[in-house]
Amino acid sequence: QVQLVESGGGLVQAGDSLTLSCTPSGRTFSTDSMAWFRQAPGKEREFVAYSHWSAPTTYFGEAVKGRFTVSRDNAKNTLYLQMNSLKPEDTAVYYCAAHLNGYYTHLNAWTYWGQGTQVTVSS
């Protein structure tokens, strides 16, 4: 059974940095695209960052461009999201997704999802 486990979330202040990790189990995704999405209370889940399996191809949502970076360590089968200059509007549950069949910003294009990790940014 394939599982994606996110970690690294927490409560931080505006301007702080935080790094999220996504570690799959059950299979390797070293030759698969992976991505981060987030969902704030009362809002739809939105695209945050994309990592092609043959890095360094990456894409970011407009709200995080210039502040967030995405990377992967294929040896550790782990995807990371480095979040800098965090803002209160970054508060959300962050989800890891893997195995793309479609356009990378579309939720239904991703086969596997994690359970999410909460990030809360206080002002």
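If residue 82 satisfies all but one of (1) touching a residue at least 60 places away in the same chain (Cβ under 8 Å); (2) over 10 Å from the mean Cα position of the chain (by Cα), what's the number of the condition it fails?
(2)
Kindly indicate the residue of segment 40-60 that is over 11 Å from the mean Cα position of the chain (by Cα) and either crowded, with 16+ Cβ neighbours inside 10 Å or among the aromatic types (Phe, Trp, Tyr) (or both) and also modelled with the lowest pLDDT among those meeting that condition.
Checked segment 40-60; the qualifying residue modelled with the lowest pLDDT is 53.
Please specify each residue of segment 70-123 satisfying the condition of being exposed (fewer than 13 other Cβ atoms within 10 Å of the Cβ) and small (Gly, Ala, Ser).
75, 102, 122, 123
Looking only at residues that are touching a Lys or Arg at 6+ places or on another chain (Cβ under 9 Å) and among the aromatic types (Phe, Trp, Tyr) in segment 27-39, which one is surrounded by the fewest Cβ atoms within 10 Å (Cβ to Cβ)? Reasoning before the result, please.
Pass one, segment 27-39, residues touching a Lys or Arg at 6+ places or on another chain (Cβ under 9 Å): 29-30, 34, 37-39.
Right, trim to among the aromatic types (Phe, Trp, Tyr) and you get 29, 37.
Working: 29: 22, 37: 24.
The residue in question is 29.
Could you grab the pairs with beta carbons closer than 7 Å, sequence gap of 6+ or different chains, first residue in segment 45-66 and without any contact (Cβ under 8 Å) to a residue 40 or more places away in the chain and on the phi > 0 side of the Ramachandran plot, second one β-branched (Val, Ile, Thr) and in a strand (DSSP E or B)?
Correct list of pairs: empty, since none qualify.
The values are calculated or read from the model by the stated rules, or taken from the named source; none is laboratory data. Fair warning: this is a prediction, and the values are worked out from it, not measured in the lab. In this analysis, Cβ positions are derived from the backbone assuming ideal geometry, glycine residues included, and neighbour counts consider all displayed protein chains.
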